[in-house]
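Only one structure is covered here, and it is reproduced in the block below.
Taken together, the values in this text are just the output of simple stated rules run on the coordinates, not laboratory data. Small disclaimer: the values here were computed from a predicted structure and weren't measured. Using ideal geometry, Cβ is built from the backbone for each residue, glycine included, and neighbour counts are taken over all protein chains shown.
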Amino acid sequence: MIQDIEPKLNNQYKNIKPKDNDYVLSYSGRRVLLSKKAEAIEYLTYEKYKQINQGDEALVYFFSIGNDSYFYEKNEIEADGFEYVPMFKTRTMKPMAKVMAAATGWHLNIWYKSNKFCGACGCNLEHDDKIRMLKCPKCGNQVFPKVAPAVIVGVTDNDKILLTKYADREYKRYALIAGFTEIGETIEETVAREVFEETGVHIKDITYYKSQPWGYDGNVLMGFFAKLDGNMKITMDEDELSVAEWVNYKDVPDDEEKISLTREMMTCFRKERENESKRRKNKCNESFRQ
């Protein structure tokens with residue numbers, strides 16, 4: 001998945017200036033600035049940035065991945081050989097470390113652009129010198145990056161898994177049921193509620209799988225498997241989904257991107273059922289030979 005990159009992301013804020021070989025991330029709408037010519041992801045270097053911009057006062061340190069440091073330019077940039085590319089396109093690009101940079105940078109970009117003024121008194125917010133936090137010089141209000149907790153749920157019934165497709169979303173492939181945790185509920189309650197709201201299905205035996213940061217939507221995703229409890233009949237929420245259906249493990253599609261928790265969980269289910277099918281077949285063969 002995207003967080004399994006090596007070297008690891010270091011998101012600790014530092015009050016430092018960029019060096020020539022550091023990268024500058026810039027976003028326009030839901031697009032990120034990339035080289036036109038490179039087959040893989042290539043960002044604008046600070047050395048190139050200096051040739052088209054006067055000073056670096058606008059740049060804010062983002063994070064580092066290994067020896068590569070990334071800085072943020074909140075304004076749009078015009079640079080020869082570079083263009084703004086849809087964020088969605090980066091999901092299938094390489095190398096994985098720079099995909100992670102695009103997604104994490106996007107998450108922070110939205111936070112910075114959404115928090116220019118204090119929500120308590122309306123004063124201009126200022127960046128703290130030591131940590132990633134915006135503060136109000138007038139009333140002392142502190143604003144930290146927002147992370148939305150969400151769940152991904154693989155609902156299974158023996159050899160079948162409940163797969164969905166989103167309604168009116170850029171992503172058109174199979175996905176699992178997903179949704180955000182509401183105020184006052186546990187994560188397990190979120191799992192059961194989202195499954196029922198989107199498909200009308202009841203579940204049992206909720207089991208945690210693993211989590212994932214997902215900067216594309218500013219979330220931290222928590223993956224769970226659960227078993228069908230009762231009737232398989234689906235009552236689909238058409239405002240949320242365009243497809244909801246039980247799919248045999250043999251028909252679960254391959255994971256081509258290898259960056260998302262959703263697709264890893266689908267693959268995990270398929271492999272588990274494939275192994276179980278082989279065990280049953282071997283046991284049957286042994287009984288026959290006896």
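Details
- When the pairs Lys19/Lys258; Lys89/Lys210; Lys89/Lys227; Lys17/Lys116 are compared against a 27 Å limit on Cα-Cα distance, Lys19/Lys258; Lys89/Lys227 fall above it.
- Here's how it looks for Leu44: its modeled amide H is under 5 Å from those of Val24, which are all 5 or more places away or on a different chain.
- Extent of segment 69-158 along its three principal axes (Cα atoms, max minus min coordinate, largest first): 56, 49, 22 Å.
- Three-way shape call for the chain based on the alpha-carbon gyration tensor, with the a/c threshold at 1.5: prolate
- Peptides 22-34, 266-278 ranked from most to least packed by the mean count of surrounding Cβ atoms within 10 Å: 22-34, 266-278.
- Amide H partners (placed H, <5 Å) of Val32, local residues excluded: Val85, Met87
- Look at the Cα gyration tensor of segment 29-179: its axes a ≥ b ≥ c give a/c of at least 1.5 with a/b at or below b/c, and that counts as oblate.
- Above 21 Å, the calculated P(r) of segment 148-264 contains 32 percent of its Cα-Cα pairs.
- Residue order, fewest to most surrounding Cβ atoms within 10 angstrom, among Lys8, Lys116: Lys116, Lys8
- Of the peptides 72-83, 223-234, the ranking by mean beta-carbon count within 10 Å, highest at the top, reads 223-234, 72-83.
- Overall Cα dimensions of segment 2-114 - principal axes, largest extent first, Å: 36, 30, 29
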